[in-house]
Amino acid sequence: DEGPDIGGQYGPYHQLKRLDLYQEYAQKLLDMGLAYKEYKEGSDKFAVRFKVPENTVYTFNDLIRGKLEFQSKEIEDWIILKENGIPTYNFAVVIDDHFMEITHVFRGEEHITNTPKQLMVYDAFGWDYPEFGHMTIIVNEQKKKLSKRDTSTLQFIGDYERLGYLPEAMINFLALLGFAPDKEILSHDELIEVFDEHRLSKAPSYFDRQKLAFINSQYLKKLDDATMKTFLTPFLKDANIEIKNDVWLTNLISVLRDRLDYGAQIVEYYHTFFRDEFEISEEAKQELNQFDRMQTMNLVETLLTKIQSLSFDDATEIESLIKDLGKELGIKGKALFMPIRIATTGEAHGPSLPVSMLLLGKDVITKRLNETIKVMKEQTV
């Protein structure tokens, strides 16, 4: 790997540090009569313009779009070096790509019209063209091209990093824009193996945030417990969430990890899980109505009494209590676990019930069981 941050054999990588090279080759074009100076009126300052050849057809085979052709008569003489000695894009990129030995140039389709100007420079110096491939534009939900001014879509890698998107997931997602392999979740090595520029789409690519979230969730699920804990802890600390102890943190992550689309989402789920206002979801209410009301009422009331003697130090203690309660009341299976889950979490489905109850703690569980009993009594009246 190489680049402006770590260096490499083809540096320097900042254009302002390569000005001597650009100016040297601009001078060569002047010496060959393929460029000329354009002086600013009343000044000795000048820009350098490339002299566009007459009656020339510029043709190249685009790896994505096939044969493309441009007439030189449709292009005016263009500036390669500005008055301040800074090169323009179409000149600098040719010099850079040649001396950095770039073989393939993949870029957005808006650069198609830049290509003939660049081919002129390659021809002027007798250099071989690289392979060009002009990729589809990326559009937002409104089907408009992504723009730096578009606030509806996060566009900078740093923003996604701060939210807890993994680098591997971002690479995977970005590789699928305009490319449709047989499966979506692909490792770096698999992406290299299946990539085929001839399968790249010409149609605009939709930046689907939900798809990115799904892909990231799959990579999160692959993390082992220790790595996941290290990854998620900073998000909790940044949100000023008190981490009671390591066991509590481990249980919290075990309960929430499979729900996460991105790291920072653990904070959202934490506040939902430990919300002050307890409310039973509509789905949970429908599930609760399937069971015998008096039996469920008795189950919840008995649970409320029995948990008061628990230490709430271990999930196995809670699990044993629930099983013993089922035996005592003659209730088992869904009729036992579902009402308890609903009465303690407000949801019909979720992670391990004993671990969830342990995380919530005795005080919260007591409060929620009382509220559930109150609601059930009101519905009975």
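The values are calculated or read from the model by the stated rules, or taken from the named source; none is laboratory data. It should be emphasised that the depicted structure is a prediction, and the values quoted were computed from it without experimental measurement. FYI the Cβ positions are ideal-geometry reconstructions off the backbone, even for glycines, and counts take in every protein chain you see.
For the condition farther than 28 Å from THR59 by Cα and of a type in the set (Val, Ile, Thr), what is the one hit in THR153, THR136? Walk me through how you get there before you give the answer.
Details: THR136 fails: farther than 28 Å from THR59 by Cα.
Going through THR153, THR136 in turn, the sole match is THR153.
Regarding MET294, is this residue exposed (fewer than 14 other Cβ atoms within 10 Å of the Cβ) and among the hydrophobic types (A, V, I, L, M, F, W, C)?
yes
If you scan the range 274-332, which residues turn out to be basic (Lys, Arg) and either in contact with a helix residue (DSSP H, G or I) (Cβ under 9 Å, 6 or more places away or on another chain) or at pLDDT below 95 (or both)?
Residues satisfying the conditions are ARG275, LYS285, ARG293, LYS306, LYS323, LYS332.
Show the residue pairs that are 6+ apart or on different chains and have beta-carbon atoms under 7 Å apart, the first residue being within the range 206-217 and touching a residue at least 40 places away in the same chain (Cβ under 8 Å), the second being among the small types (Gly, Ala, Ser).
ILE215/ALA169; ASN216/ALA169
Can you tell me which residue in the range 73-122 is farthest from the chain's Cα centre (by Cα), limited to those that are loosely packed, with under 14 Cβ neighbours inside 10 Å, among the acidic types (Asp, Glu) and part of a helix (DSSP H, G or I)?
Ranking the qualifying residues of the range 73-122, first place goes to GLU74.
Looking only at the range 257-273, filter to residues that are buried (at least 16 other Cβ atoms within 10 Å of the Cβ) and under 18 Å from ARG368 (Cβ atoms); which one of those is modelled with the highest pLDDT?
Residue satisfying both the conditions and the ranking: TYR270.
Which one is surrounded by the fewest Cβ atoms within 10 Å (Cβ to Cβ), of the residues in the range 360-381 that are assigned to a helix (DSSP H, G or I) and among the β-branched types (Val, Ile, Thr)?
Per the criteria, the residue is THR380.
Condition first: free of Cβ contacts under 8 Å to residues at least 12 places away in the same chain and surrounded by 12 or more Cβ atoms within 10 Å (Cβ to Cβ). Now tell me which residues in the range 5-36 satisfy that.
Within the range 5-36, GLY8, GLY11, PRO12, TYR13, GLN27 meet the criteria.
Could you check how many residues of the range 199-215 are within 20 Å of the chain's Cα centre (by Cα) and either under 30 Å from LEU63 (Cα atoms) or loosely packed, with under 12 Cβ neighbours inside 10 Å (or both)?
Taking the range 199-215 first, the residues within 20 Å of the chain's Cα centre (by Cα) are 204-215.
Right, trim to either under 30 Å from LEU63 (Cα atoms) or loosely packed, with under 12 Cβ neighbours inside 10 Å (or both) and you get 204-212, 215.
Residues in the range 199-215 being within 20 Å of the chain's Cα centre (by Cα) and either under 30 Å from LEU63 (Cα atoms) or loosely packed, with under 12 Cβ neighbours inside 10 Å (or both): 10 in total.
For the range 230-240, how many residues are touching a helix residue (DSSP H, G or I) at 6+ places or on another chain (Cβ under 6 Å) and either under 24 Å from ALA348 (Cβ atoms) or surrounded by fewer than 18 Cβ atoms within 10 Å (Cβ to Cβ) (or both)?
Residues in the range 230-240 being touching a helix residue (DSSP H, G or I) at 6+ places or on another chain (Cβ under 6 Å) and either under 24 Å from ALA348 (Cβ atoms) or surrounded by fewer than 18 Cβ atoms within 10 Å (Cβ to Cβ) (or both): 1 in total.
Regarding ARG257, is this residue within 31 Å of the chain's Cα centre (by Cα), outside any helix (DSSP H, G or I) and of a type in the set (D, E, K, R)? Working first, answer last.
Values: within 31 Å of the chain's Cα centre (by Cα): yes; outside any helix (DSSP H, G or I): no; of a type in the set (D, E, K, R): yes.
It is false that ARG257 is within 31 Å of the chain's Cα centre (by Cα), outside any helix (DSSP H, G or I) and of a type in the set (D, E, K, R).
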